[in-house]
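Beneath this line is the structure, given in structure tokens, with notes to follow.
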Amino acid sequence: MGSIGHVTPQQMHFSEPLPLKSGAVLAGYTLHYETYGTLNAERSNAVLVCHALNASHHVAGTYAEQARSEGWWDNLVGPGKPLDTDRFFVIGVNNLGSCFGSTGPMHVNPATGRVWGADFPVVTVEDWVDAQARLLDRLGITQLATVLGGSLGGMQALSWTLRHPQRVRHCVAVATAPNLSAQNIAFNEVARRAIVTDPDFHGGHFYAHGVVPKRGLRVARMIGHITYLSDDAMEQKFGRALRAAELAYSTQDIEFQIESYLRHQGDKFSEYFDANTYLLITRALDYFDPAAEHGSDLARAFAAARGCQFLLVSFSTDWRFSPERSREIVKALVDNRIDVSYAEIDAPHGHDAFLLDDARYHRVVRAYFERVAQGVKNGMKQGAHQETAAGARHV
């Protein structure tokens, strides 16, 4: 298995207004994206990869003359890897509101000539999916072989099957949920309060003051990072190990290695991530709830996805997006007699497991994409015009 090698980001501007779920309209916008592999003559081998909170369009490969620039899912995507770019044309798109190139709070609002800042409209998972669909239109891709995502990216993948079911043959949703629990919303709110109460936040217009609310971003990242790890993983990696040979008996200094690790993660995050973007993306997570428009009946919501086929993957120690939440989705699909495979991986790493090199997890994804590739090879739009037996395959 090799690397894709050096890749080059691309961008596409849209002058057509984009209506948002909030009722606002984004008059014009630019999306940054990357592609890997070759689109076949039938344009039937395209796979869209949707990113999570602090990721971007840079899914795989590296940037020339930039050290440690591997894409965030480079271990999964590439020649000979579970998502094989020798077989598939893979597309990664940076979401609106991000701070990695696509139009967001850091850009200038053409209507005012000033940086958007906190005035950037609130965006949702559904808005991201609609924007991605327009990009695919421009690329001449009318139907995806697969839409794939983990965590927040998994929510986008699910949303694709509800908003544009005729354009998706397969959906692979990893470590995700049909909506956030109250506990998850609470974690997001505490992180947002850390940012907005930073004196350097200035109501979201800190750009005009030449400052960055780094203190709030650091705390927000530390809170988030704790939720991405399992207790077992933290215990194994850090335990109660001290940073120094003796206790300093200080309430301010770092005493334990876990404290040092979290502060390092917070410092690093505050150097590259935008505070307004963090607020927008965590709120999009909060808002995602496709069953809400169907009387909180998830099965009724997923009735729109008939014709798609699914793979759901969860991890045993992921307490932020627990296996129980994936099973809710599986049940809703089975209730609609939709073809679904489900894998629950016994992994110690918590939510971060979807980004790591777990051999069992990668075998599941590889096997599923073998199935997708066979369908592409046979020229079949699997599931689009055939009845499937009710039930879930456990793999």
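Points worth noting:
- Any hit, segment 283-293, residues being closer than 22 Å to A182 by Cα, surrounded by fewer than 22 Cβ atoms within 10 Å (Cβ to Cβ), over 17 Å from the mean Cα position of the chain (by Cα) and not charged (D, E, K, R): yes
- Comparison of G210, G216, G266 shows that the only residue that is free of Cβ contacts under 8 Å to residues at least 24 places away in the same chain and over 30 Å from W160 (Cβ atoms) is G210.
- Residue count for segment 59-80, restricted to those that are open to solvent by less than 20 Å² (accessible area, probe 1.4 Å) and assigned to a loop (DSSP other than H, G, I, E, B): 7
- Candidate set from segment 216-275 (those that are among the acidic types (D, E) and assigned to a helix (DSSP H, G or I)); member that is farthest from A353 (Cα to Cα): E271
- Test: residue in segment 323-337 that is hydroxyl-bearing (S, T, Y) and surrounded by fewer than 18 Cβ atoms within 10 Å (Cβ to Cβ): no
- Single match in P110, P105 (criterion: closer than 30 Å to R192 by Cα, surrounded by fewer than 19 Cβ atoms within 10 Å (Cβ to Cβ) and touching a residue at least 12 places away in the same chain (Cβ under 8 Å)): P110
- Taking residues in segment 13-37 that are at positive phi, and partners anywhere that are surrounded by 15 or more Cβ atoms within 10 Å (Cβ to Cβ), the pairs with Cβ atoms closer than 7 Å and at least 6 places apart or on different chains are G37/T85; G37/F88; G37/F89; G37/V90.
- Candidate set from segment 211-238 (those that are touching a His at 6+ places or on another chain (Cβ under 9 Å) and of a type in the set (G, A, S)); member that is least open to solvent (accessible area, probe 1.4 Å): S230
- Test result for R193, under 25 Å from D286 (Cα atoms) and surrounded by 15 or more Cβ atoms within 10 Å (Cβ to Cβ): no
- Of all residues in segment 1-58, those that are open to solvent by less than 20 Å² (accessible area, probe 1.4 Å) and either in a strand (DSSP E or B) or acidic (D, E) (or both) total 13.
The values are calculated or read from the model by the stated rules, or taken from the named source; none is laboratory data. Here the structure is a predicted model, which is why all the values come from computation and not from measurement. With ideal geometry, Cβ positions are generated from the backbone for all residues, glycine too; neighbour counts draw on all protein chains shown. Quick note on the areas: whole protein, heavy atoms, side chains included, nothing else; ligands and nucleic acids left out. Shrake-Rupley method; radii C 1.70, N 1.55, O 1.52, S 1.80 Å.
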